[in-house]
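Step one of this worksheet: look at the structure below.
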Amino acid sequence: NETGLVSIHFGAENGLSDIADIVLNGTFDGEHFGHGLAVCDVNGDGKDDLAIGRPGAGSSNTGAVVLYSGTNAGLATNPSWNYYGRGHDNQTGWALECAGNTNADGNEDLLVSSRGANTSSSGGLGTGLFGIVDLFFGSPSGLASSPDWSRNGTTLGSHFGTTMAGKADFNGDGYDDFAISATG
């Protein structure tokens, strides 16, 4: 039923166990829970948070992303943040990436790909598969409900945001940089 799951294995002195320490499961048929994964410390508390993509979530593959916060006891059992796609077949959460600290505020930032999205920020039926990538700045209170930066693909069928790479400082200016592919 392509619900999906994410298994988490804790590192240990004797190596990894064959049995997962935590298993997080998708909820709905076809949501592909776990298609995109990213690890960031979005609230700057020194504990990594886990973002999980659900590109098939929603009645029309709108997609979504959930964030599980790192705590003193380990990973929280319920999401602390949700982000939902903007329109039909957006596939939000196809890819996720920790962008690093792009604005040098001490909190890591999260990139979210909606690789099937139309160029319109409202989405809509019959998408052109241009793709949209959203950047959410981290903060002590976590991630905002809407992106701080967005870019659309510029060519029909470009699938902007199929993959992304972050946590780089290409020009050595102290601000993290990232790369975004458009594989179509």
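The values are calculated or read from the model by the stated rules, or taken from the named source; none is laboratory data. Here the structure is a predicted model, which is why all the values come from computation and not from measurement. Using ideal geometry, Cβ is built from the backbone for each residue, glycine included, and neighbour counts are taken over all protein chains shown. Quick note on the areas: whole protein, heavy atoms, side chains included, nothing else; ligands and nucleic acids left out. Shrake-Rupley method; radii C 1.70, N 1.55, O 1.52, S 1.80 Å.
Before moving on, here are some points about what is shown:
- Evaluation of residue 160 against (1) modelled with pLDDT under 90; (2) over 25 Å from residue 79 (Cβ atoms) (one fails), failing number: (1)
- Unmet requirement for residue 22, which otherwise passes all of (1) over 23 Å from residue 137 (Cβ atoms); (2) open to solvent by less than 30 Å² (accessible area, probe 1.4 Å); (3) hydrophobic (A, V, I, L, M, F, W, C): (2)
- Out of 184, 157, 161, one residue alone is farther than 13 Å from residue 100 by Cβ, open to solvent by less than 30 Å² (accessible area, probe 1.4 Å) and in contact with a Ser or Thr (Cβ under 8 Å, 6 or more places away or on another chain). It is 161.
- Scanning the stretch 31-82 for residues that are in a strand (DSSP E or B) and surrounded by fewer than 16 Cβ atoms within 10 Å (Cβ to Cβ) yields 37, 39, 71, 74, 82.
- Considering the stretch 1-19, the residues that are in contact with an Asp or Glu (Cβ under 7 Å, 6 or more places away or on another chain) and exposed (fewer than 12 other Cβ atoms within 10 Å of the Cβ) include one that is nearest to residue 77 (Cα to Cα), namely 10.
- Pairs linking a residue in the stretch 91-105 that is buried (at least 24 other Cβ atoms within 10 Å of the Cβ) to a residue that is assigned to a loop (DSSP other than H, G, I, E, B) and among the basic types (Lys, Arg), with Cβ atoms under 7 Å and 6 or more positions apart or on different chains, are 91/115; 94/115; 95/115.
- Consider the stretch 122-141 and keep the residues that are at pLDDT 95 or above and open to solvent by less than 10 Å² (accessible area, probe 1.4 Å). The one that is farthest from residue 57 (Cα to Cα) is 138.
- Residue in the stretch 113-121 that is hydroxyl-bearing (Ser, Thr, Tyr), part of a strand (DSSP E or B), in contact with a Ser or Thr (Cβ under 8 Å, 6 or more places away or on another chain) and open to solvent by 10 Å² or more (accessible area, probe 1.4 Å) present: no
- Residue 86 under 23 Å from residue 37 (Cβ atoms), part of a strand (DSSP E or B) and modelled with pLDDT under 95: no
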